[in-house]
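Asker: Pasting a structure here, questions to come.
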Amino acid sequence: MAAKKPAAKTNVSGEELQKFYREMLLIRRFEEKAGQLYGMGLIGGFCHLYIGQEAVVVGLEAAAEEGDKRITSYRDHGHMLACGMDPNGVMAELTGREGGYSKGKGGSMHMFSKEKHFYGGHGIVGAQVPLGAGLAFADKYKGNGRVTFTYFGDGAANQGQVYETFNMAALWDLPVVFVIENNQYAMGTAQQRSTSSPDIHTRGESFGIPGEAVDGMDVLAVKDAGERAVAHCRKGKGPYILEVKTYRYRGHSMSDPAKYRTREEVQKMREERDAIDHVRQLLIDGKHASEEDLKAVDKEIKAIVSASADFAKESPLPAAEELWTDIYAEAT
Amino acid sequence: MATEILMPALSPTMEEGTLAKWLVKEGDSVQSGDILAEIETDKATMEFEAVDDGVIGHILVPEGTENVPVNTAIATLLEDGEEAGAAPAPAATPVASAPAQAAAPAAPTEIVSQADLTPDWPEGTPMKQQTVREALRDAMAEEMRGDENVYLMGEEVAEYQGAYKVSQGLLDEFGSKRVIDTPITEHGFAGIAVGAAFGGLKPVVEFMTFNFAMQAIDQIINSAAKTLYMSGGQMGAPMVFRGPNGAAARVGAQHSQDYAAWYAQIPGLKVVMPYSAADAKGLLKSAIRDPNPVIFLENEILYGRSFDVPAMEDFTIPFGKAKIWREGTDVTLVSFGIGMQYALEAAEKLEEDGISAEVIDLRTLRPIDYDTVLKSVMKTNRCVTVEEGWPVGSIGNHLAATIMQKAFDYLDAPVLNCTGNDVPMPYAANLEKLALVTTNDVIVAVKEVTYR
């Protein structure tokens, strides 16, 4: 895994490291619980876990300001937790209950929060890319200085609509950060089997969009790159591409037997490059936290996740009448 | 306390599986992420990982066991330091997780009891002659003056003044911020417009023709139409997709298709297909104000045709209100868009033969004004539908089914559908004529249902 920008120079406080640790751990424990509830049949359909990629959203959220927007694909649980959405509401949506963010009508792949400026949760690979540029278009039209983070994977990076969008985003100087979460597998197809050139961050060059590769297992490097990208957008210089090299420990979805890669490959990444272990080590080495402090955090996170699972099991199914609501908006 | 490890569901449809192999034994310490067992589903062999740390207490289901139902306890997991104790009896039945399903409630009633027969504009309103093209432009200009968040984007809408000159003059009045030329990339700019609508703007997207909107149909349906529902009502796409639809003349198969029935099928969309200039204006103004995604199907042949348009300050026509163009007693003709031309011509000729046809213009296809149609059919006892699109799954098919369900006892003849023929549009002038629905088709159908 090539990391172009070392994170060593990033000036980071113990407080911020603790925040990163807590946020990444919340995502991981939440996803593990979601996997467990799926196995129990409480979550149905498709369920795409974010385990391994936590540093990407946590690092980028640290570069965002209030009012900035985010939009992503169906692997969306981490993005929602990182932008401050309530774990109870997310988990209850996974179980298809009334207390979920979409009242149980969206599911794992389709959640939204106007309050937290989270615009989904989209199930068609690549479709969120023009949508994200459209959010940025609206912000530019209004002149409000906001930036949109548009997340997509290395698989989506081969969709035609991505390049239609790059062209217009550059043409119209839209304030959008295109975040390519390169977890190296487009579902089960390894990047070298699906992608002609390995450097996806250079794909904006012919449109004049700057891009850089980032070590996605290092939350500090991600934040650092995120700040550069956001500054570029806020100055009115148009879009910016971050190819964040990351790794998904679990299958594409819960029903993925993962025969396309070896167990050893996954194990090696977990042992040598885990993003949470990395921050844990920085906290201990920098004497920002003791083993006991971190144990206390683990316990606290476990309690939050456990409460979200309880909420998601206890929240009632949506009323049958909900079948017919929210199809059309009423004129105000 | 010992917890049970349950047989997991490893795919959306898995109900049972084979416990192929245990990779741990009783007394082994395991950590979250360790592989416990291999499980065979109908599709694949999957590795089953531990989600909690602990020690394997008892293995309850031996390896090689087939047809193990999901949620059966297959082992126990002890916390560190805990004794295994006696093995609990294997759970005989899985934990029921699916609550009993109540019957789906009926759809909110779509057929209202009374047709809205109020006039579209007050009696005595002064009228002016206007083409459909001018009426559409005026509708956009008026709405853009009234709402800063309304903007127009599409191919050639600005500098070129519109590929069919519908947006003539708008760039001059509103500037390049609000009248935006796009590259020829329908999928991308439709998606950008849907995103802009999520972000609080009210885009009007012009497709040079709806044939090209097929490039963008995923964004129209999956993103624009479904998001309000998928978000539990939190956000949707208040916007208009408009442009010419259907056959023009001699432009061949890829440029000559009527999409009315396609879009009318989609919950979450509203679908409008005007015939006259007054309707084009009043309905487009309503479409721009509507908080939902609206498909607005125009027609190239009708752009240059003139009609009376009310000279009113602010004139709109509501969705779901059909217009009765001609009252009659012997048969009901139902049409929309350019089909109205054939319906009206047929009605005139039929009158010479002593057949009195009532002609209804649906104007909007979602919602549809069923009530006006049913009321008329109950009076005339006969119905012929007219549209340019293909016969299979047509609007006419849907109306025929609805009439059969709601007014079966009133029918004196089967409902007939006049449609375009079931072929791609040919280029040769004679063949193209044969492919399209004609006034004569309508006359023949009416004679058939009136047994003349």
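The values are calculated or read from the model by the stated rules, or taken from the named source; none is laboratory data. Because the structure is predicted, anything quoted here is derived from the model rather than measured. Virtual Cβ from ideal backbone geometry, glycine too; neighbours counted across all protein chains shown. Side chains included, ligands, DNA and RNA excluded: accessible areas come from the protein's heavy atoms. Shrake-Rupley method; radii C 1.70, N 1.55, O 1.52, S 1.80 Å.
Asker: Once A and B are treated as a pair rather than alone, how much accessible area drops out, both sides summed, in Å² to 100, probe 1.4 Å?
Answerer: Details: alone 15310 and 21540 Å², together 31580 Å².
Result for this pair: about 5300 Å² buried.
Asker: Using amide H atoms built in the peptide plane, which far-off residues or other-chain residues are under 5 Å from B:Arg305 H to H?
Answerer: B:Val132, B:Arg133
Asker: Shifting gears a bit: Just list whichever of A:Lys114/A:Lys295; A:Lys313/B:Lys202; A:Lys235/B:Lys177 have alpha carbons separated by over 30 Å in the model shown. Don't jump to the answer; show the numbers that get you there.
Answerer: On the way: A:Lys114/A:Lys295 34 Å; A:Lys313/B:Lys202 39 Å; A:Lys235/B:Lys177 19 Å.
Result: A:Lys114/A:Lys295; A:Lys313/B:Lys202 exceed 30 Å.
Asker: Give me the accessible area per residue for region B:243-283, probe 1.4 Å, as a whole number in Å². Kindly include the intermediate steps, with their values, before the conclusion.
Answerer: Numbers: 1100 Å² over 41 residues.
I get 27 Å² per residue for region B:243-283.
Asker: Further, regarding this structure: Taking chain A as a Gaussian network, Cα atoms linked when under 10 Å apart, which of A:Ile27, A:Ile124, A:Ile43 shows the biggest mean-square fluctuation?
Answerer: So, out of A:Ile27, A:Ile124, A:Ile43, the one fluctuating most is A:Ile124.
Asker: Residue-wise, which Karplus ³J(HN,Hα) couplings in Hz belong to region A:254-259, taking 6.51 cos²θ - 1.76 cosθ + 1.60, θ = phi - 60°, and x for glycine or proline?
Answerer: Rounded to whole hertz, the list is 4, 9, 9, x, 6, 7.
Asker: Say each of A:Trp324 and B:Gln265 gets a label point 7 Å from the Cα, pointing the same way as Cα to Cβ; how far apart are those two points in nm?
Answerer: Distance between the two pseudo-spin positions: 2.4 nm.
Asker: Moving on. Starting from the amide H of B:Glu298, placed 1.01 Å from N in the peptide plane, find each other amide H under 5 Å away whose residue is 5 or more places distant or on another chain.
Answerer: Amide H neighbours of B:Glu298, under 5 Å, 5+ apart: B:Gly243, B:Asn245.
Asker: For region B:153-218, what % of the accessible area comes from carbon and sulfur atoms, probe 1.4 Å? Don't skip to the end; give the middle numbers.
Answerer: Details: 1040 of 2020 Å².
The computed percentage sits at 52.
Asker: Still on this model: Give me P(r) over region A:95-179, computed from all C-alpha to C-alpha distances, binned every 5 Å, as integer percentages.
Answerer: 3, 14, 22, 21, 16, 13, 7, 3, 1
Asker: To continue, here is another question. With heavy atoms of protein chains only and a 1.4 Å probe, what residues of region B:267-313 have at least 30 Å² less accessible area in the full set of chains than alone?
Answerer: By number: B:Gly268, B:Pro291, B:Asn292.
Asker: With the full set of protein chains in place, find how many percent of the accessible area of chain A is carbon and sulfur; take the probe as 1.4 Å. Intermediate results must be reported in sequence, preceding the final value.
Answerer: Details: 6440 of 12680 Å².
About 51 percent, which is the carbon plus sulfur part of the accessible surface.
Asker: What percent does the relative contact order of region B:127-310 come to when contacts are Cα pairs within less than 8 Å and at least six residues apart? Please list the in-between numbers first.
Answerer: Values: 367 pairs, mean separation 51.9, N = 184.
Reported as a whole number, the value is 28 percent.
Asker: Roughly how many Å² is the accessible area per residue of region B:323-449, as a whole number, for a 1.4 Å probe?
Answerer: Working: 5330 Å² over 127 residues.
Accessible surface, normalised per residue, equals 42 Å².
Asker: Using only C-alpha positions, report the orientation-averaged shadow area of the convex hull of chain A, nm², one decimal. It would help to have the intermediate numbers written out before the result.
Answerer: Working: hull surface 69.9 nm².
Spelled out: convex hull of the Cα atoms, projected over all directions, averaged, 17.5 nm².
Asker: Each label point is 7 Å from the Cα along the Cα-to-Cβ direction; what then is the distance between the points at A:Asn144 and B:Ile324, in nm?
Answerer: Going by the 7 Å Cα→Cβ label model, 4.8 nm.
Asker: For region B:125-232, just the Cα atoms, rotate onto the principal axes and tell me the three extents in Å, largest first.
Answerer: In descending order, the Cα extents are 45, 31, 24 Å.
Asker: Further, regarding this structure: Taking the Cα centre of the protein assembly as shown as the origin and placing charges on Cβ (Lys, Arg +1; Asp, Glu -1), which of B:Ser306, B:Ala75, B:Ile324 is farthest toward the positive end of the dipole?
Answerer: The listed residue farthest towards the positive side: B:Ser306.
Asker: Here's another thing I want to ask about it. Quick one: pull the percent of accessible area on region B:3-78 belonging to carbon and sulfur, 1.4 Å probe, ligands and nucleic acids left out. Present the calculation step by step, with values, prior to reporting the outcome.
Answerer: Working: 1440 of 3260 Å².
C and S fraction of accessible area: 44 percent.
Asker: Can you pull out the GluC sites (Glu not before Pro) in region B:158-212 whose DSSP state is coil and whose Cβ has at most 12 other Cβ atoms within 10 Å?
Answerer: Details: sites: B:Glu159, B:Glu173, B:Glu186, B:Glu206; in loops: B:Glu159.
Here the sparse-neighbourhood loop sites are B:Glu159.
Asker: Turning to a different aspect of this structure: Please give the FRET efficiency for B:Thr45 paired with A:Lys268, using the beta carbon to beta carbon distance and R0 = 25 Å, rounded to the nearest 0.05. Mind showing how you got there, number by number?
Answerer: Details: r = 22 Å, r/R0 = 0.90.
Efficiency, rounded to the nearest 0.05: 0.65.
Asker: Magnitude of the Cβ-charge dipole of region B:216-351, K/R +1 and D/E -1, about the Cα centre, nearest 20 debye?
Answerer: On the way: 12 positive and 14 negative charges, 76 e Å.
Once rounded to the nearest 20, the dipole reads 360 debye.
Asker: Suppose all protein chains stay in the model; what accessible area per residue would a 1.4 Å probe give for region A:23-312, in Å²?
Answerer: Values: 9610 Å² over 290 residues.
Result: 33 Å² of accessible area for each residue.
Asker: Taking region A:209-305, which chymotrypsin sites (Phe, Trp or Tyr not before Pro) meet the DSSP loop condition and have no more than 15 other C-beta atoms within 10 Å? Before the final figure, lay out each step's value.
Answerer: Details: sites: A:Tyr240, A:Tyr247, A:Tyr249, A:Tyr260; in loops: A:Tyr247, A:Tyr249, A:Tyr260.
Sites meeting the loop and neighbour criteria: A:Tyr260.
Asker: What list of ³J(HN,Hα) values in whole Hz, one per residue of region B:274-290 in order, does the Karplus curve 6.51 cos²θ - 1.76 cosθ + 1.60 (θ = phi - 60°) give from phi, with Gly and Pro shown as x?
Answerer: Whole-Hz 3J(HN,Hα) from phi for region B:274-290: x, 10, 8, 5, 4, 5, 4, 6, x, 7, 5, 5, 5, 4, 5, 7, 5.
Asker: Among the listed pairs A:Lys19/A:Lys140; B:Lys43/B:Lys226; A:Lys19/A:Lys302; B:Lys375/B:Lys406; A:Lys69/A:Lys105, which have their C-alpha atoms separated by more than 21 angstrom in this model? Write down the numbers at each step before the final one.
Answerer: Numbers: A:Lys19/A:Lys140 31 Å; B:Lys43/B:Lys226 31 Å; A:Lys19/A:Lys302 16 Å; B:Lys375/B:Lys406 10 Å; A:Lys69/A:Lys105 23 Å.
Where the Cα-Cα span goes over 21 Å, the pairs concerned are A:Lys19/A:Lys140; B:Lys43/B:Lys226; A:Lys69/A:Lys105.
Asker: Please compute the modelled spin-label separation between B:Asp308 and B:Glu63, points set 7 Å along Cα→Cβ, answer in nm with one decimal.
Answerer: The answer from the label model is 8.8 nm.
Asker: Return the residues of region B:36-59 for which accessible area with all protein chains present is lower than in the chain on its own by 50 Å² or more; set the probe to 1.4 Å and exclude ligands, DNA and RNA.
Answerer: B:Met46, B:Glu49, B:Val51
Asker: Could you check what % of the DSSP bridge pairs in the protein assembly as shown are antiparallel, to the nearest 5? Numbers along the way, then the final one.
Answerer: Details: 34 of 88 bridges.
Just about 40 percent of them are antiparallel.
Asker: Next question, about the same structure. Could you work out how far the C-alpha centroid of region B:404-452 sits from that of region A:10-31, in angstrom?
Answerer: Each part's Cα centre sits 68 Å from the other's.
Asker: Hey, another quick one. With 20 Å bins from zero, work out the P(r) of chain B over every alpha carbon pair and list the percent per bin.
Answerer: 22, 39, 20, 17, 2
Asker: Could I ask something else about it? Treating only the Cβ atoms of Lys and Arg (+1) and Asp and Glu (-1) as charged, compute the dipole magnitude of chain A about its Cα centre; round to the nearest 20 debye. Kindly include the intermediate steps, with their values, before the conclusion.
Answerer: Values: 41 positive and 47 negative charges, 106 e Å.
Roughly 500 debye, rounded to the nearest 20.
Asker: What translational diffusion coefficient, in µm²/s and rounded to a whole number, does the Stokes-Einstein relation yield for the protein assembly as shown at 20 °C and a viscosity of 1.002 mPa s, taking the hydrodynamic radius as the Kirkwood radius over Cα pairs? Walk me through the numbers before you get to the answer.
Answerer: On the way: Rh = 29.1 Å.
Result for D is 74 µm²/s.
Asker: Further, regarding this structure: How are the Cα pair distances of region B:3-78 distributed, in percent, across 5 Å bins from 0?
Answerer: 4, 18, 31, 27, 15, 5, 1
Asker: Share of Cα-Cα pairs in region A:244-320 beyond 21 Å, in percent?
Answerer: On the way: 1678 of 2926 pairs.
Here the long-distance tail beyond 21 Å is 57 percent of all Cα pairs in region A:244-320.
Asker: Estimate the FRET efficiency between B:Ala104 and A:Ala170 by the formula 1/(1 + (r/R0)^6), using the beta-carbon distance for r and 56 Å for R0, to the nearest 0.05. Mind dumping the intermediate values first?
Answerer: Numbers: r = 48 Å, r/R0 = 0.86.
Here the calculated transfer efficiency is 0.70.
Asker: In terms of modelled amide H atoms, which long-range or inter-chain residues lie less than 5 Å from the amide H of B:Met46?
Answerer: B:Ile39, B:Glu40, B:Thr41
Asker: Contour minus end-to-end for B:Glu348 and B:Thr438, with contour as 0.36 nm per residue of separation and end-to-end as the Cα-Cα distance? Can you show the working numbers first?
Answerer: Values: separation 90, 0.36 × 90 = 32.40 nm, distance 1.40 nm.
Length gained between B:Glu348 and B:Thr438: 31.0 nm.
Asker: Continuing with this model, one more query. So what are the ³J(HN,Hα) numbers for region B:362-367, from phi and the Karplus equation (6.51, -1.76, 1.60; θ = phi - 60°), rounded to whole Hz, Gly and Pro as x?
Answerer: 5, 6, 10, 9, 7, x
Asker: Could you check what % of the DSSP bridge pairs in chain B are antiparallel, to the nearest 5?
Answerer: On the way: 31 of 63 bridges.
Close to 50 percent.
Asker: Taking +1 at the Cβ of each Lys and Arg and -1 at the Cβ of each Asp and Glu, which of A:Gly104, A:Cys233, A:Gly204 sits farthest along the dipole of chain A towards its positive end, judged by Cα position relative to the Cα centre?
Answerer: Selected residue: A:Gly204.
Asker: Using a loss threshold of 50 Å², tell me which positions in region B:220-257 are less accessible in the complex than in their chain alone. Probe radius 1.4 Å, ligands and nucleic acids ignored.
Answerer: Residues passing the criterion (a loss of at least 50 Å², heavy atoms only) are B:Leu228, B:Tyr229, B:Met230, B:Gly232, B:Gln234, B:Met235.
Asker: Would you mind checking region B:276-301 for residues with the amide N under 20 Å from a putative spin-label position 7 Å along Cα→C-beta of B:Gln168?
Answerer: Counting only backbone N, you get B:276-282, B:284-285, B:298-301.
Asker: Assigning unit charges at the beta carbon (Lys, Arg +1; Asp, Glu -1) and nothing else, what dipole magnitude in debye, to the nearest 20, does the protein assembly as shown show about its Cα centre? Walk me through the intermediate numbers first.
Answerer: Working: 73 positive and 112 negative charges, 296 e Å.
Magnitude of the dipole: close to 1420 debye.
Asker: Among residues other than A:Arg234 whose Cβ falls under 14 Å from its Cβ, what is the net charge (Lys/Arg +1, Asp/Glu -1)? If you can, show how the numbers build up before the last one.
Answerer: Details: positive: A:Lys69, A:Lys140, A:Arg146, A:Arg228, A:Lys235, A:Lys237; negative: A:Glu65, A:Glu66, A:Asp68, A:Asp139, A:Asp173, A:Glu227.
So the surrounding residues net to 0.
Asker: If you project the alpha carbons of region B:323-449 onto the principal axes, what extent comes out on each, in Å, largest first?
Answerer: 43, 33, 24
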